[in-house]
Every structure is written in structure tokens, then in C-alpha cells.
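The values are calculated or read from the model by the stated rules, or taken from the named source; none is laboratory data. As the structure is a prediction and not an experimental result, all values here were calculated from the model. Neighbour counts are summed over all protein chains in view; Cβ atoms, including those assigned to glycine, are modelled from backbone coordinates with ideal geometry.
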Amino acid sequence: MTGMAVTTFVLAGLLLLMACVKADRVRAWRTARNPSAPDVSNASFVVARLLLVAMAAGGIVTGFQGLKAQDDIGWSDDELTSAVEGATASLNGSSAHGGPLDGPDTPEDFDGAYGIKVRQEIVEHGSGDAPQFGVSAEVTGEATADHARYAVSADGASAWFCMDVTRAHTGWAETVAPGGLGESSKVRLPEFTYQVTSRAGEC
């Protein structure tokens, strides 16, 4: 997309240069090439210049629209850096409950639900111009029940980040089971807290 925009700008510049060529030089060139060619009126030169300038202006507008489209569909390194920093701050220290059948040693779903959460947090912390898609956060290396590393990248950005997530069992919460009534329907849910850090570069 950037290459196409640059090409468009170059063509627009050539059209503007053509519009600046003096009429006498064009007439002299035509006479040298074909002495019997009919003369070109001044009005024709004016119309030609207006058309060339209009075409150049259209090319410049198209080029800038292409650059804007490139920015809208791709992440920059700065946008990804800011989004990862914001997501790390948001996820670090957060807590979540396991299910009724889970215990303190139940493995975290780092490849599934938590990975989706990481990607969502990064997208939500992107700047106003950052796309709402194109973020990758894949578990790299061997994950354990309570620890995983994510290789973070985004479409359009050359930067990579390594996000480190460690989960700790920090307590229990009691809640009434869906459809249940009273104390006899209460279930205990394990509570987990997450320590999250990130750094630039691959894991």
C-alpha cells in the first residue's frame, strides 16, 4: 500500500511538471518533429494544463487516502507498544474464580480462554487509530498449570513482545449454585490472582 502511494505521488509530480512546460517549447518540439503539423492554440494549452493539474491533484488525494487506509488496517510499533503496556498493567494483579469443579491445582486454560483475554486487552488498550483486529498472542515454550509466556505481535508492526503470566491460588469464594437456594446450595470456587509482566523482543 505504501509503495502504491509513493508511485501515485511520483506520477502526480510528473503531471505537474508537464503542466509547467511552456507553450513555446511544445510548439518548437512539434515543429521539429513534424513541420507541417497544425499550430496549437493558446486555449488548448490552457485546457491541457488544467487537465494535468486536476489529474495531479486527484493522484495526490488518492495517495493520501491510500496511506490513511494503510494506517487504519495495520498496527504501528508505537501503537502496539502502548497497547501491550496498557494490557500488562490491566492484567497484572487481576483475579478470577475457577469453576465449581475446579481446585487450586486445576490447570489454567492458557491456550484458550486466557489467551483470548490477553488479545482482547491488547486491542482495548490500542490508541484511537489502532485497528480492532490483527493481534496475535500465542503461547510459546512449555506452559505449566500456573505459568505461560505469550509471543505478542500485530499485523503491520515489526515489534514483538513477550508477556509472562503467572497464576497463584489466593483463596476461596462461596456462592450459591445456579438454581439453588439457601446455605445448602452454596459452592466453593477457587480464587486466582495473576502476575503479568512484559518486555520488548521475542520470548
Number of the condition not met by Asp102 [criteria: (1) within 28 Å of the chain's Cα centre (by Cα); (2) surrounded by 14 or more Cβ atoms within 10 Å (Cβ to Cβ); (3) assigned to a loop (DSSP other than H, G, I, E, B)]: (1)
Single condition Thr8 does not satisfy, out of (1) at pLDDT below 70; (2) surrounded by 16 or more Cβ atoms within 10 Å (Cβ to Cβ); (3) not aliphatic (A, V, I, L, M): (1)
Restricting attention to segment 82-99, and to residues there that are more than 30 Å from Arg188 (Cα to Cα) and over 11 Å from the mean Cα position of the chain (by Cα), which single residue is surrounded by the fewest Cβ atoms within 10 Å (Cβ to Cβ)? Glu85
